[in-house]
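Okay, so here's the structure we're looking at.
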């Protein structure tokens, strides 16, 4: 059985295909669900079992203009990302975190801001927090009431990371906010 060697030939729209070292071969199953193969010029029906999960190699393949190759990591737009965290200050210093990025996604932060709506405060900072370490995006020694500390740029967040706003010099009961805008990507 011969198969396509370039995308201009027969396409892979029906069935499952496997690479036969020089061409793509259509994989055919028998009526009993066994894989039909040719071994040494003779037809054979083979039962395919996954012995161990580590044996399974998954990857997307694509045509690069000269050959079918395994594609690099693929990302796809999933949705817009907007989040607002708000709380009443419980002491002189408070932090607030956005939702952590789940497994299988990358969130790209385009804009973030934090502010104390009620009174002046400081110091204040916008950070990336990974559950252990904090990486500063922007900070200010002081902020006037309702003055926003901002981050504008492109900051990808991976699994477990989130934006953390940190405030000092608060008055108990102050209304503090953190707004984040960006988009979510799915890892394929």
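Laboratory data are not the source of any read-out in this text; all were calculated from the coordinates shown. Predicted model, so just to flag it, every value in this text is computed and none were measured. Cβ: placed from backbone, ideal geometry, glycine included. Neighbour counts: every protein chain shown.
Just to be sure I understand the model, the point goes 7 Å from the Cα along the line to the Cβ. What's the resulting residue 139 to residue 66 distance in nm?
Modelled inter-label distance: 5.0 nm.
What is the spin-label model distance, in nm, from residue 183 to residue 86 if the labels are put 7 Å beyond Cα along the C-beta direction?
Reported label-point gap for residue 183 and residue 86 is 2.8 nm.
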